[in-house]
1. Considering only the range A:574-620, how many residues are within 22 Å of residue A:390 (Cβ to Cβ), within 14 Å of chain B (Cβ to nearest Cβ) and not in a helix (DSSP H, G or I)?
2. All but one of (1) within 14 Å of the ligand (Cβ to nearest atom); (2) over 19 Å from the mean Cα position of the chain (by Cα); (3) facing chain A (nearest Cβ under 7 Å) hold for residue B:364, so report the exception by its number.
3. Considering the range B:92-110 alone, what residues qualify as being surrounded by 12 or more Cβ atoms within 10 Å (Cβ to Cβ) and within 15 Å of residue A:368 (Cβ to Cβ)?
4. Any residue in the range A:325-341 that is touching a strand residue (DSSP E or B) at 6+ places or on another chain (Cβ under 9 Å), under 28 Å from residue B:88 (Cβ atoms) and facing chain B (nearest Cβ under 9 Å)?
5. Which residues, counting only those in the range A:371-385, are more than 7 Å from chain B (Cβ to nearest Cβ) and in a strand (DSSP E or B)?
6. Looking at A:241, A:295, A:260, A:253, which is the one that is surrounded by fewer than 24 Cβ atoms within 10 Å (Cβ to Cβ) and either at the interface with chain B (Cβ under 7 Å from one of its Cβ atoms) or under 28 Å from the mean Cα position of the chain (by Cα) (or both)?
7. Name the residues in the range B:268-290 that are within 17 Å of residue A:182 (Cα to Cα) and touching a helix residue (DSSP H, G or I) at 6+ places or on another chain (Cβ under 8 Å), would you?
Ligand SMILES: Cc1ncc(COP(=O)(O)O)c(C=O)c1O
């Protein structure tokens, strides 16, 4: 934004010259630039990292060796093309430990890490009888809370102070925020206060442009800001970093491999568009195939697909309920759900996040009171929850909700944007995880953006309902249909989890273990080859569902290991121990920027997502990690080590008492034990 | 009312006195004016914000005291029940079914949706018949669908980026491919910048509420499309309507608002004109230069939806601004569809840097959704390249449009509201007894303008068409044409959900890839089908 600000922001960390990334260049001259404590601390961590690595292996000793046995020929060129990356001390592109001769990996290590150790696998499954961890808010020491409030107060006061003087001494910088020429400002200085005075300070954590695949690693387009984050300038260089930020749970963000090959074939055969909306001639056979496959995957009668996940909620919820209906919504539901709810015209009530007692008392109240004013009974009550909350990492307490549903007769809508693929022994989401019959849930919604490396969303349920939605949802008539490459990515990735029955029918229909005997829903085994377009051929690793199964189990291991690792290190985290989304509480607004910076400036750069108000409550600013099946155990080790160091420097360890904490080497050494605890 | 002096009077006067004193004291404090203005203005714009900052202080106190109290239900109409009564009420309550099964008409509608096998484009193969049809329904105006250059670029992008972006734009979902398409669109149109959304529909429903808030004024055309209606509903702004594509009526409405404001001496609020370039509902085209003139004169901001004109009209497809030779920078927020105009996916909003940057934080569909697959933005960029370098596309497109209109304009059982240059042609059934407007009737009608507070125009009572019968007839036409090898589509509407019912129509989309001969032949079949089905009706 070119919105010149009169006074320099004392907290914006300024980089003095484009090429000079003071933390990457480990030259002595950078000392002169250490203007702030932040830069000093950061440089410290750099020096540590350097020291640690100096006794490691020499960086370029392995490539030839590992290339020959571990990377398929097609991927060689991606690796070798990246001339800037032959310096491979960090193990991002080429595994630090070369594979043995009998290990064959078919993925590109930088996209999907090589990990052959069968010990590093877990099954994602609820053990019946155990309690489901609710949303516990662990409070930090008072001084942290206090300093957080004070930080915000200072920030706000300072912001107003700067606005006050800025407007007087540099009015031109505020012109666009004030009424001028008879136009009211598009965005007044009040509305934009948080953006200008708080977010701008930490803009370097946001909207970082990247290139290439957002897989296990990611390539950042380096940038710097000469004017306290008002403009960001790309330097033209790139940095490869370990990626624990993308919603790539099952690691399907890949430019190489079986799925990508099929997508390439699709583009050749179908092009990139279907020319229109679903109901006006934009329906392709690929839509039919993938909708049927999604229904099979989820174990329900029918499903529909829409070209954007956000719009799946916002455009279909209004087709379910309207005036005279009530929506009960978890207080932390996603913006897209709230958007749809507002469009629907139904009344809304919210209950405390994942709190079943609060939900039940609300249900009793609304059913007994009926509609506002008239007290007529509600036409329908729709409960909308998410399977896995993307900011908290909590799982919805599905068993309890099913219990309530039997008693209170509401309809249930579960947004499985983050949970589908990521949870459950078969990867079918929360219903699978808790072993609940998916057909007993009225509406299953989810997105393909996350686990499947595609885009868009689905709604699944019984046939009559889905047919109704096809006609009455906004998308069918007014929004573009999903494009063929995306459809094929969905088909290929889902099929590789389910497995495909090749003509001689194999009997390997059992995968994973199935839960208790009383309420077993058996997910259909491999799909018949006829469920896929005839020209689609998947490599055996995919069609046998071996790789798919591996992805599910790797993700669970990584999530459980990483989560317990952070807890054992003493951090405050939220969420379910098996959740692939792991928020680490940072509290102080100032620390978020630092955390981000210090992780990124390490020898092995790690990129993280930081979220603060307004996406979270004011005090509970957090770092959000999204673990992926693509990570190897070494990657998780590396991230834990980084968190350990950064956590010490930033004073973030306020979780379990010191006596119960483990040393980082213990955690790394006993990872399997931790993950299976 | 206290008509006689009561003993309470001294107390009242004391309270009033002291309040006044307090107020005076407050205003005598230095800086109080600012505080007052701050609270007032922030309260008006976003009551939540004032609250929030208040709460901030309260929170500190609260955490120190740690007294968690839950608000209880003390609404006026709250009825107290015992637990047992509640249980009974719960038992008694029977919800309506979640959805009603489809009617036979709806089943028919759904089952006759054509399914394309393989490449979509001018000559798709249909799953139902296994035969190739000529498509006049696919939105492939410039023939970019199936273009081999685009395919090659898309495959290249696939091998570089994979398929999904796996993250919202704010969190590592912005690739250089997205930045490139944003830059390409801005360059192409001649605006400062552009911002990409991952779906056309959501572009509109995100952009409008990002700027138009409660208390703002939107002046909108009565014929705006469904997404715009929904976007305005979300915005909670005050909406005033002007007659469909009638800029005279627009000016009257603008004058009316100005007069009202002067009278009320209300504060200056944000004011927007929202309309479409080529209307999705009927293919009419707005008179852009006149619109710009009005917008500037009355100091409104213009939100122009060019979903059906960007990439479709103009010498090189830059849309209405090119057609009318108006700089695109004169349009404050120019919306377009990458899915329709460039045959990829998503939509964009072009404007000044301020306008787009604002959306990167406030556009809901931008912030809370994954960015579009990079390979689709690469396809979009390549689409722009092709449009830029081959103006002949638009010559053949317009030639086809003229050819089609030459045939259709002579069919007398239909009316075509669409602009002669619009490649999207809507065909409506001509009402059997349309009285050619009696001069005196016309004069009578134009005396009183429609009420700008309502979307229904004044002549709505004269509408003599019946949605259901016309839908059935048009469905027959579509089937008839399909049986002769021409795929056309009825324009789909969500009946009962549009703010005003839209007259059923068949929507033809011309394409530059068909030759003039092919177009004439296909349109000829459409004409024959129309005559066959509608002619029957007359008898
Ligand atoms: C719960 C939930 N629903 C819907 C969405 C939107 O999905 P998409 O990014 O595919 O538009 C998200 C994405 O962040 C989400 O978290």
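1. The qualifying residues number 19.
2. Checking residue B:364 against (1) within 14 Å of the ligand (Cβ to nearest atom); (2) over 19 Å from the mean Cα position of the chain (by Cα); (3) facing chain A (nearest Cβ under 7 Å), the one that fails is (2).
3. If the condition is that a residue be surrounded by 12 or more Cβ atoms within 10 Å (Cβ to Cβ) and within 15 Å of residue A:368 (Cβ to Cβ), then B:93, B:95 are the ones that fit.
4. yes
5. Residues satisfying the conditions are A:382, A:383, A:384, A:385.
6. Answer to the check: A:295.
7. Passing the criteria: B:270, B:271, B:272, B:273.
Rundown of residues vs (1) within 14 Å of chain A (Cβ to nearest Cβ); (2) crowded, with 23+ Cβ neighbours inside 10 Å, yes/no style:
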{"position": "B:313", "(1), (2)": "no, yes"}
{"position": "B:323", "(1), (2)": "no, no"}
{"position": "B:369", "(1), (2)": "yes, yes"}
{"position": "B:376", "(1), (2)": "yes, yes"}
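The values are calculated or read from the model by the stated rules, or taken from the named source; none is laboratory data. Small disclaimer: the values here were computed from a predicted structure and weren't measured. All Cβ positions, even for glycine, are placed from backbone atoms using ideal geometry, and neighbour counts span all protein chains on display.
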